[in-house]
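What follows draws every value from the coordinates through simple rules; no lab data is involved. Quantities reported herein were computed from a predicted structural model and do not represent experimental measurements. No Cβ is skipped: glycine too gets one built from the backbone with ideal geometry, and neighbour counts run over all protein chains shown.
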Amino acid sequence: MKKEQIQLLFQQFENASYTYQDVECWSARELQSILGYAKWDNFLKVIEKAQKACENAGVVVSDHFADVGKMVALGSGSERLIDDVALTRYACYLIAQNGDAIKPEIGFAQTYFAVQTRKQEVIEQRLLDIARLNAREKLSKSEKKLSGIIYERGVDNKGFAIIRSRGDHALFGGSTTDDMKRKLHVPEGRPLADFLPTLTIKAKDFATELTSHNVTTKDMKGEKAISKEHVDNNIAVRKILFERGVKPELLPAAEDLKKVQRRLEGDEKNVLKDSRKKKSK
């Protein structure tokens, strides 16, 4: 394909996107024209193949192919409602994969939507990574806060470590902190929370915040009373998770948060580098 044709198709795909129920979509009628299909019936067959591929992938078809109406202008100046399908980016990708490969527009669409879908996946993963890092930072602050509160009530650092360990024992259904470290292959000297999924990190944080609140409001003192409070709070949080079908001790290990942090910092450096390059041009 010539550079001019590539640029034209790229612009057509970009301009054709719109928002339907807060989701980025493309009109099947517009896509039909862009992809070089003269007849709607022929393009409809491609859509049906794409829907079948979607179903075979275990994805809910209606989440990506929505039957909608489209008003078109008639020669008389009036308008008529015709059938149309709102297509998500994934649906467009499947259509491109099931289209006539001889058409240069189909070849371009396969690449366009594959790359764009990948970009979307990268963005989604980055947001998940940031959420997990923020949850871990919040847990660290909550634990620091609790440590300060109980220190004023006669519990030293050793006592705080014991209280926190007993909380883990309750949250993980009898598995100790060391048990969970071995199970998740946590390197020696690293905290368990750096390898926990976001849900478990937030569960630990919630239990810790509950303990801080109750220790203060009930004016608790001493390791024994505070330890019991923390255990009870972790049992309560575990009960909520269990009732929703989640056993925290069975969740797989998440990526080392140090690696996640380095990756995000690397992304930020690349953005800065690209920005400087653009300014220097």
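Spin-label point model (7 Å from Cα, Cβ direction): what's the residue 144 to residue 251 distance in nm?
2.3 nm
Take the Cα atoms of the stretch 1-40, build their convex hull, and give its volume per residue in Å³. Present the calculation step by step, with values, prior to reporting the outcome.
Details: hull volume 2.4 nm³, N = 40.
Given the Cα convex hull of the stretch 1-40, per-residue volume reads 59 Å³.
Beta carbons within 10 angstrom, averaged per residue: use that to sort the peptides 9-19, 154-164, highest first. Intermediate values should be presented prior to the final figure.
Numbers: 9-19: 13.7, 154-164: 15.9.
Those peptides, ordered most packed to least, come out 154-164, 9-19.
Where does helix 223-243 land angle-wise versus the long Cα axis of the chain, in degrees 0 to 90, nearest 10?
With both axes taken from Cα atoms, the answer is about 30 degrees.
What are the extents of the Cα atoms of the stretch 159-246 along their three principal axes, listed from largest to smallest and rounded to whole Å?
Each principal axis gives a Cα extent; for the stretch 159-246 these are 38, 31, 19 Å.
What is the P(r) of the stretch 84-159, as percent of Cα-Cα pairs per 10 Å bin from 0?
Reading the bins upward from 0: 17, 24, 16, 13, 11, 11, 7, 2.
By per-residue mean of other Cβ atoms within 10 Å, what is the highest-first order of 47-58, 29-40?
Numbers: 47-58: 14.9, 29-40: 16.9.
Descending packing order for the listed peptides: 29-40, 47-58.
Count the lysine pairs in the stretch 3-100 whose Cα atoms lie under 21 Å apart, taking only pairs 8 or more positions apart in sequence or on different chains.
On the way: 39/49; 39/52; 39/70; 45/70.
Total qualifying Lys-Lys pairs in the stretch 3-100 comes to 4.
Report the dimensions of the stretch 3-100 along its three principal axes from the alpha-carbon atoms, largest first, rounded to Å.
So the extents along the principal axes, rounded to whole Å, are 45, 35, 29.
Just report the Cα centroid separation between the stretch 79-138 and the stretch 220-267, whole Å.
First find each Cα centre; the distance between them is then 34 Å.
Taking Cα atoms, how many degrees apart are the long axis of helix 104-151 and the longest axis of the chain, rounded to 10 and kept between 0 and 90?
Orientation of helix 104-151: about 20 degrees from the principal axis.
With a 10 Å radius around each residue's Cβ, average the other Cβ atoms per peptide and rank 80-93, 241-254, 219-232, highest first. Please report the intermediate quantities before stating the final value.
Working: 80-93: 18.9, 241-254: 13.1, 219-232: 17.4.
The packing order, highest mean first, is 80-93, 219-232, 241-254.
Output the pairs from 144/247; 181/247; 158/202 with a Cα-Cα distance over 21 Å in this structure; if there are none, say none. Present the calculation step by step, with values, prior to reporting the outcome.
Numbers: 144/247 26 Å; 181/247 16 Å; 158/202 24 Å.
The answer is 144/247; 158/202.
Kirkwood hydrodynamic radius of the chain from all distinct Cα pairs, in Å? Working shown, then result.
Details: mean 1/r = 0.0427 Å⁻¹.
For the chain, inverting the mean 1/r across all distinct Cα pairs yields 23.4 Å.
Considering all projection directions equally, how large on average is the shadow of the alpha-carbon convex hull of the stretch 125-280, in square nanometres? List each step's numbers first, then the result.
Numbers: hull surface 44.8 nm².
Average projection, Cα convex hull of the stretch 125-280: 11.2 nm².
What 222 nm value per residue comes from the helices of the chain, counting each DSSP H run with n ≥ 4 as -39,500 (n - 2.57) and dividing by all residues, nearest 500 deg cm²/dmol? Write out the running numbers ahead of the final one.
Values: 10 runs with 182 residues, N = 281.
Mean residue ellipticity, 222 nm, calculated: -22000 deg cm²/dmol.
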